[in-house]
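Only one structure is covered here, and it is reproduced in the block below.
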Amino acid sequence: MNKREFLEALQKLLGGLPEEDIQKSLEFYSEMIDDRIEEGFSEQEAVAAIGDPTKIAKEILADIPIAKLVKQKIKPKRRMSALEIVLLVLGSPIWLSLFITLFAVVLSIYVVLWSVIISLYSVAAAFVACAVGGAVSGIVFISLGKGAVGTFMLGAGILCLGLGILMFIGCNTIVKGIVWLSRKIWLFIKSCFVKGEVK
């Protein structure tokens, strides 16, 4: 792929972005290619060193605020007729309530997900607290001459510590997965405002 093909592909992928952002990105990558050519790379090598246009478009899209994308998308291309305005106003009780409901459902699911994770972290912390309590009470019972009870309490404390550590590891894995999924969903929402195939 040469420089022109790379820039055309990138411009196509960034089709729904504001024109100023597209031009900034194209100028930046054009200069980057030119710099590599000056360093002795061939045009194809310089383009290959920069990377895949789709991946670059995803990175650019991730850095642009959603508000800017929405503003660009809803900017009217022409003046609305009186009939369109009347239909929009008359239909607002339906489309506005559907939009609010959808937003509330998605937000509720997201809040419930994080609530479950916080609950799991609380259980893990409770296991660790039980481990400390078991160790302390085991030492107290052993010092009072009740070796069997003290040994049982120490064993229970060690078991609770192991369960607490396993839960913390599991919770951290779940949190990383949810953060990764949230990022993918956010990028998908942003890509809905862009004409190109940045998925």
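Every number here is computed from the coordinates shown, using simple stated rules; none is lab data. These figures come from a predicted structure and were not determined experimentally. Heads up, the Cβs are rebuilt from the backbone with ideal geometry, glycines too, and the neighbour counts pull from every protein chain shown.
Numbers below:
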quantity	calculated
For the chain, cysteines whose Cβ has no other cysteine Cβ within reach (under 4.7 Å)	171, 192
Most mobile listed residue (176, 58, 146) in the chain, GNM with C-alpha springs under 10 Å	146
Along the chain, longest interval not containing exposed GluC sites (Glu not before Pro), exposed being DSSP loop plus at most 12 other Cβ atoms within 10 Å	40-196
Descending Cα extents along the principal axes, the chain, whole Å	87, 64, 18
Hull volume in cubic angstrom per residue (convex hull over the Cα atoms of segment 99-191)	73 Å³
Debye equation applied to the C-alpha atoms of segment 1-62, log10 I(q)/I(0) at 0.20, 0.28, 0.30 Å⁻¹	-0.70, -1.22, -1.34
Sites residue 39 and residue 19, calculated FRET efficiency, Cβ-Cβ separation with R0 22 Å, nearest 0.05	0.10
Helical segments meeting 18 Å axial Cα length and Kyte-Doolittle -1.0 threshold in the chain (DSSP H)	82-143, 147-191
Listed residue (6, 41, 16) projecting farthest to the positive dipole end of segment 3-74, Cβ model	16
Residue order, fewest to most beta carbons within 10 Å, for 110, 29, 121	110, 121, 29
Lys, Arg +1 and Asp, Glu -1 on Cβ, resulting dipole of the chain about Cα centre, debye, nearest 20	1100 debye
